[in-house]
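Colleague: Before we start, here is the structure in question, set down as C-alpha cells.
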Amino acid sequence: MRISVIGCGYLGAVHAACMAKLGHEVVGIETDPAKVAELSDGHAPFYEPVLDELLKELEESGRLRFTTDMSEARGSQVHFICVGTPQKRGENAADLRFVDAAVESLAAQLGPGELVAGKSTVPVGTAARLAEIVHEGQPGAMLAWNPEFLREGHAVSDTLSPNRLVYGVDTGSEDDPAVALLDEVYAEPMSAGTPRMVMDYATAELVKTAANSFLATKISFINAMAEVCEATGADVVRLAEAIGVDDRIGSKFLSAGIGFGGGCLPKDIRAFMARAGELGADQALTFLREVDAINMRRRTRVVELTRQLCGGTLMGQRIAVLGAAFKPESDDVRDSPALSAAAQLQLQGAVVTVTDPQALANAAKRFPELPLEPDLEVALDRADAVLLLTEWKQYRELDPHETAALVSNKRILDGRNVLDPAKWRAAGWTYKGLGRP
C-alpha cells in the first residue's frame, strides 16, 4: 500500500520505518527540515535501539522517504497522524494545536476512499471533531483512531509485533470500510496472531489513556507501599514479589523506585483528568491526583535519603548521579525523575555530576546548569555518594569493589532497587534502597 505518516518525531519516525519494513511504500512528512535531513540520511534524531539500522535498510530499498511537502501525501491510501500532543503550558490539558494543524493541512490533499488514521494520544472526543474536518476537505474520505502502545527502547518490535491492534471507526462496526484498509496495513502482524478490536471513536481514544492511567496507578501504588515499608522496616521488593504471584495483580510495573517520567504517562494522566473535568466526570478520576502526587513525592524522597546517606547535610557533598533519561534504552529526558532529583540536590548545595550513556545532549537542553559527564569513571571520581537513578545495564552491572576504588565515600542510593544489597554491603558500602530496610 501507499502510506503517508504525518509528523516524524519519535512515534512517526518509528511508525514510518516499520510500515516500510512491512512492505508498504511510505512517505514521512515533517515540518522540521533538520529532522527530514537527518532521517533521510538514515539517522533518527533521537536514540531508539535498532532504528538507525532499519532506516538505512529501508531507504536503500526505496520504500521509505521523508519530505517537508504535504502535497507528497497525495495518492496514499492511508495517512497516519503521528504528531505530538504535549501538555499545555500552565495547564493539565493536552495541547492539540499540532494535531489540528496536521489534519487541516492534510484534508486538502485527500482523495475519495482514503483513510486518515490517528495514532497520537488525544483527549476523548477529539476524533469525532477531526472527522468533520476530514469530511469537509474530502467528503469521500474517512477517519479512524488507531492508538499506539509503544514502549521506548522497544518501539520497533512493539510496532512490528504489537500485542493488540485497536481500531476506532465511525460506525464502530466490523463492516466499516476503514476496517478493511487497516487490516490490509497490518496484514503481516495479524497473520502472526495479533488480536485486533474494532470499536467507536470514543472507546478507542479511552483505551490509550485508560491503559496509561492504570500503569501509572500501579507504579504509584507500589511506591506508596515503599513509603509504608520505610516506616515499618518492611522490604518493598519482597512485598512486590509476594503480591505479584497473584495473577489478578501480576508482577509487571510493581518495581518501587523514584517514579515514572517520560513524554507519555505524566502528561497523559493529567490530560485525562482535565478532559474528565470538561465532561463533568472529574470525580471519577480524583484518584489520579494522588497517583500524580505520589509520583512527584518520590523525587523529593531521593533528596531526603541522599541527605541521610551523607550524614545529614548536602552542602558541598560530591554526588554522582547515574542516569539522566527517564528509563534505560532511551535518550528521552522529558519529566525525568532522575534529572529532577539531580537539580533539587544541586539547589540544596550538593556538587552534582550527572552521567548517562545516551541522554546527556537532551539533558543539557533541559537543565543547562547541571554538570554533565559522559565518562562514568570521571563522574564517580571522589564522589561522596552515588545515586543510581536510571537502570541502564552498565549501572546494574557495576562491580562494588572496582567502584569503591574511584569514590571518596562508599555510599550508594539504589533508586531503582536493581542492585544486590548484600553484595554491596559486603564490599563495605553503605547501601540504601527505596522501601528497603
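Every number in this text was worked out from the coordinates using simple rules, so none of it is lab data. Not measured: the values here are computed from a predicted model. Note: ideal-geometry Cβ built from the backbone for every residue, glycine included; neighbour counts use all protein chains shown.
Colleague: Given a Förster distance of 51 Å, report the FRET efficiency between residue 297 and residue 180 from their Cβ-Cβ distance, rounded to the nearest 0.05. Present the calculation step by step, with values, prior to reporting the outcome.
Modeller: Numbers: r = 49 Å, r/R0 = 0.95.
So, using R0 = 51 Å, E works out to roughly 0.55.
Colleague: Something else: Give the residue list of GluC sites (Glu not before Pro) in segment 30-94 that are DSSP loop and have at most 13 other beta-carbon atoms within 10 angstrom.
Modeller: Numbers: sites: 30, 38, 53, 57, 59, 60, 72, 91; in loops: 30, 91.
When the GluC sites (Glu not before Pro) of segment 30-94 are filtered for loop state and at most 13 Cβ neighbours within 10 Å, 91 remain.
Colleague: When the convex hull of the Cα atoms of the chain is projected onto a plane and the area is averaged over all directions, what value comes out in nm²? Intermediate values should be presented prior to the final figure.
Modeller: Details: hull surface 87.0 nm².
Here the figure is 21.8 nm², rounded to one decimal.
Colleague: In segment 369-427, which GluC sites (Glu not before Pro) are in a loop and have at most 10 other Cβ atoms within 10 Å, using DSSP for the loop call? Don't skip to the end; give the middle numbers.
Modeller: Values: sites: 369, 377, 391, 397, 402; in loops: 369, 391, 397.
Those satisfying the criteria are 369, 397.
Colleague: Which lysines have a Cα lying under 30 Å from the Cα of residue 119, excluding residues fewer than 8 positions away in the same chain?
Modeller: Candidates past the 8-residue exclusion: 21, 35, 56, 88, 208, 218, 252, 267, 327, 365.
Colleague: Additional query: If eta is 0.692 mPa s and T is 37 °C, what Stokes-Einstein diffusion coefficient results for segment 2-194, Kirkwood Rh from Cα pairs, in µm²/s?
Modeller: On the way: Rh = 16.7 Å.
It comes out at roughly 197 µm²/s.
Colleague: Tell me, how many Å apart are the Cα centres for segment 190-250 and for segment 297-335?
Modeller: 25
Colleague: Then there is this: Among 221-227, 172-178, what's the highest-first ranking by average C-beta atoms within 10 angstrom per residue? Don't skip to the end; give the middle numbers.
Modeller: On the way: 221-227: 20.7, 172-178: 14.7.
Sorting 221-227, 172-178 by mean packing, highest first, produces 221-227, 172-178.
Colleague: Based solely on its DSSP helices, what 222 nm [θ] is calculated for the chain when runs of n ≥ 4 H residues each add -39,500 (n - 2.57) and the sum is averaged over all residues, nearest 500 deg cm²/dmol? Each step should come with its number before you reach the end.
Modeller: Details: 18 runs with 190 residues, N = 437.
For the chain, the value works out to -13000 deg cm²/dmol.
Colleague: Using the eigenvalues of the Cα gyration tensor, what equivalent ellipsoid semi-axes result for segment 360-437 when each is taken as the square root of five times the eigenvalue, whole Å, largest first? All intermediate terms of the calculation are to be shown ahead of the outcome.
Modeller: On the way: eigenvalues 103, 43, 24 Å².
They are 23, 15, 11 Å, listed largest first.
Colleague: Translational D (Stokes-Einstein, µm²/s) of segment 297-433 at 37 °C and 0.692 mPa s when Rh comes from the Kirkwood sum over C-alpha pairs? Please report the intermediate quantities before stating the final value.
Modeller: Details: Rh = 14.4 Å.
Value of D from the Cα-based Kirkwood radius: 228 µm²/s.
Colleague: Determine, from the Cβ-Cβ distance of residue 171 and residue 41 and an R0 of 30 Å, the FRET efficiency 1/(1 + (r/R0)^6), rounded to the nearest 0.05.
Modeller: Values: r = 43 Å, r/R0 = 1.43.
According to the calculation, E is roughly 0.10.
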